[in-house]
Amino acid sequence: FLIDAKRLLALSTESIERARRFSLGEVERFRIGYTAGFDYHRLPATLAAFHRVCPNVKLSLHDMTCAEQMRGLERGEIDLGFVGMPDALTGTGLQGECVGSYELLAVLPEGSALARKSAIVIEDLEDVAFIGLNTREYPHYDEWMRRVSPAFRPRRVQTPDRFSVLLNSVAAGLGVALMSDQNRNLPHEGVVF
């Protein structure tokens, strides 16, 4: 407990100092981690607004998984992270704010019989191979899935680390996935949301 308490105090002191330097305009670079599958459409507007307020601060963007961002925040390698899944912060000592919420959609291979339906329910996915994110890189993903539908227990066939791999796997017909509606903005040939 003492080791964790010292680490948290050091991180708090470092965060306060970084905020002080930032408010005085002493920070030259602001490093932002983001997960390509979350807030993909919101990031450009956020960056533009930041640049209007702080035109002299250079922004450095890093495409990272949730776990990579949390490690980056703890080590001081990034200053802000858009982790996409608030559950991922559980037990880390990091704090987060919700900046958006989205509708959950099924991602289906274009040639799937389910893709021809105008609407589906979660139970339609029960006997279909499922592609879910890797819990090592997206901590607490399983808990998030249980909240989506407590009775939904998919037959998981793949657990990729990246959204691009997830979309490519669905396009190849290896299974279906669940993603937020903002992912329609990601390149996704061969899939239907």
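Observations on the model:
- Any hit, segment 72-83, residues being among the aromatic types (Phe, Trp, Tyr), in a loop (DSSP other than H, G, I, E, B) and touching a Gly at 6+ places or on another chain (Cβ under 9 Å): no
- Number of the condition not met by Gly93 [criteria: (1) touching a Gly at 6+ places or on another chain (Cβ under 8 Å); (2) modelled with pLDDT of 80 or more; (3) in a loop (DSSP other than H, G, I, E, B)]: (1)
- Cβ-Cβ contacts under 8 Å between residues 6 or more apart (or on different chains), taken from a first residue in segment 77-95 that is hydroxyl-bearing (Ser, Thr, Tyr) to a second residue that is assigned to a loop (DSSP other than H, G, I, E, B) and open to solvent by 30 Å² or more (accessible area, probe 1.4 Å), are listed as Thr90/His140.
The values are calculated or read from the model by the stated rules, or taken from the named source; none is laboratory data. As the structure is a computational prediction, the values presented were derived from the model and not from experiment. Backbone-built Cβ (ideal geometry, glycine too); neighbour counts: all protein chains shown. Heads up: the accessible areas ignore ligands, DNA and RNA and are worked out on the full protein's heavy atoms, side chains in. Shrake-Rupley method; radii C 1.70, N 1.55, O 1.52, S 1.80 Å.
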